[in-house]
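The structure appears right after this line, and notes come after that.
The values are calculated or read from the model by the stated rules, or taken from the named source; none is laboratory data. Source: prediction; values computed, not measured. Positions of Cβ are generated from backbone atoms using ideal geometry, with glycine treated the same way; all protein chains shown enter the neighbour counts.
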Amino acid sequence: MSEFARPSDAAQRRLLQLQTPLLAPQPLEQAASTLCSELACTLAFDRVSVGLSTRAGLTLVAASPTAGSGDGEERSQALTLAMQEAIDQNASIVYPLPSEAAPRVVQAHARLAAQGSGTLLSVPLIGAGQTIGCLCFERQRAVTADELRVIEPLVCMLTPLLALKQRAELGWSARASEALRGYWGGSGRRTRRLAWLGGLVAIVALAMFPVSHRIGAPARLEGATQRVLAAPSDGYLRAAHVRPGDVVAVGQVLVELAQQDLLLQNRKWEAELTQHQNSAAAALARADRSQYAIAQARAAEAGAQLELAQAQLVRSQVTAPIDGLVIQGDLSQALGAPVQRGDVLLTLAPRDAFRLIIEVDERSIGGVVLGQRGQLALSALPGERLDFAVTRISPMALTLEGRNAFEIEAAFGQPPAGLRPGLRGVAKIDAGTRSLAWVATHRIGDWLRMATWTWGL
């Protein structure tokens, strides 16, 4: 008789140690093999095997090593059938049947015993009202009633651990399927099914509920009419009186170019004009008409050049053409630098007249038409919503930040004070009413249709 027939403190500790393989971080097959070996050694059996229920049926997972015999396909099949026989009857089966035992179907056990197993004990693994497999014990001498009273509680103790170990190795799909089967097949399944049906009806009704469809896109503020101030002539930057963000008035001097070269040109043409005028007067006194005509022509040319030099001298001071705000052109760090005629110096914009530029993605441009209204939220004024109306749609897409987009112009009704060109935010254009399902899924649907066309399906 095994030490477990007369439980002692040492025996109880040994029973607890049997749980160790199932708690260790190792694969199910390895843990089950270690468990079978421990059970065979502890309970004095020649061979212990474990089979677990899977979607494909009962599967032999592991068995303790047995000297002199192996696991042929025929024997493994006979062992599996014996375990299934005990599972089908939901009871432990001892073979040969003791005289005092209840009648059992033992055909599969008899075939297994005929292969040299001797005495067999099959104990189903039953936990939480569900049979997950079976343990089969084999040896030559008989199994006593005392041993059976020890083994059955021990198997009950090991069953939850085996179930957890088996579940841990299932894939996510298998776990989900198992959970669904348990959910729909458990108690209260009628109530749950009705609840799910009601929830599904509610979701469908909600999906068909009409909601406002709005097209969102990045947006920026620009001046209604921006003025670019360029260098009037070649020269050097002498002074810059304003920087971006400064408010300017009409006629205010903003930039000055160096005047030395222009003054020299002015004096040069003044001197030539005087010289040619004197030559014309002398020719007139001599009554030399030809020399007089030549001198007069040269004087006229010098006069024209003088007027040009004087005009360039005046333009060397760049003034503000409008009341507004400097939005571009910080020249404070470029004093003394050469500039060429036509180089952009400053950009001005009016302070009270703006236009809104909305960068609408090409996938949404089909829903935008002239006259649509919307609202703008600026990063500088996140708590305010500015109303606008679409006034112009660009006919050609631009590449903006790696995506194709169309620039949409919009105008404000009454812009609040404190707006500045260059502010950015998010605009939302009202594009009518759509179902909630369409609003939530139309982007995915459009992508799928495009992908289907691209792949030639």
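Matching residues to (1) closer than 16 Å to F137 by Cβ; (2) at pLDDT 85 or above; (3) of a type in the set (V, I, T); (4) surrounded by fewer than 18 Cβ atoms within 10 Å (Cβ to Cβ):
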site: A31; (1), (2), (3), (4): no, yes, no, no
site: V50; (1), (2), (3), (4): yes, yes, yes, no
site: S64; (1), (2), (3), (4): yes, yes, no, no
site: M83; (1), (2), (3), (4): yes, yes, no, no
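Residues in the range 112-141 that are farther than 19 Å from L161 by Cα and among the polar types (S, T, N, Q): Q115, S117, T119, Q140. Give the range 343-361 a look and list any residue that's hydrophobic (A, V, I, L, M, F, W, C) and under 30 Å from D234 (Cα atoms), or say none. Once the filter is applied, which keeps residues that are hydrophobic (A, V, I, L, M, F, W, C) and under 30 Å from D234 (Cα atoms), the range 343-361 yields V344, L345, L346, L348, A349.
Can you find a residue that is assigned to a loop (DSSP other than H, G, I, E, B) and either in the same structural domain as V123 (by TED's automatic domain parsing) or of a type in the set (V, I, T) (or both) anywhere in the range 28-39? There is no residue in the range 28-39 that is assigned to a loop (DSSP other than H, G, I, E, B) and either in the same structural domain as V123 (by TED's automatic domain parsing) or of a type in the set (V, I, T) (or both). From the residues in the range 261-272 that are modelled with pLDDT of 75 or more and hydrophobic (A, V, I, L, M, F, W, C), which one is surrounded by the most Cβ atoms within 10 Å (Cβ to Cβ)? Of everything passing the filter in the range 261-272, W269 is surrounded by the most Cβ atoms within 10 Å (Cβ to Cβ).
For the range 344-368, filtering for residues that are assigned to a loop (DSSP other than H, G, I, E, B) and under 23 Å from W447 (Cα atoms) leaves 4. Residues that are modelled with pLDDT of 90 or more and either closer than 12 Å to L79 by Cβ or over 60 Å from the mean Cα position of the chain (by Cα) (or both) within the range 120-141 comprise L120, S122, C134, L135, C136, F137, E138, R139, listed in sequence order.
With respect to the stated conditions, G402 fails to be more than 21 Å from the chain's Cα centre (by Cα), farther than 30 Å from V204 by Cα and surrounded by fewer than 15 Cβ atoms within 10 Å (Cβ to Cβ).
Candidates in the range 59-116 are the residues that are in contact (Cβ under 8 Å) with a residue 12 or more places away in the chain and on the phi > 0 side of the Ramachandran plot; of these, the one that is nearest to the chain's Cα centre (by Cα) is N90. Here is the figure for the range 409-437: residues that are out of contact with any Phe, Trp or Tyr (no Cβ under 6 Å at 6 or more places or on another chain), hydrophobic (A, V, I, L, M, F, W, C) and without any contact (Cβ under 8 Å) to a residue 60 or more places away in the chain total 2. I'm trying to understand the selection: among the residues of the range 439-457, which are loosely packed, with under 15 Cβ neighbours inside 10 Å, assigned to a helix (DSSP H, G or I) and not hydroxyl-bearing (S, T, Y)? Correct list: A440, R443, I444, G445, D446, W447, L448, R449, M450, A451, W453. The condition (being in contact with a Phe, Trp or Tyr (Cβ under 9 Å, 6 or more places away or on another chain), over 23 Å from V426 (Cα atoms) and either assigned by TED's automatic domain parsing to the domain that holds H241 or in contact (Cβ under 8 Å) with a residue 60 or more places away in the chain (or both)) is satisfied by just one residue among G336, G342: G336. Could you count how many residues in the range 422-457 are closer than 13 Å to A219 by Cβ and not hydrophobic (A, V, I, L, M, F, W, C)? Number of matching residues: 4.
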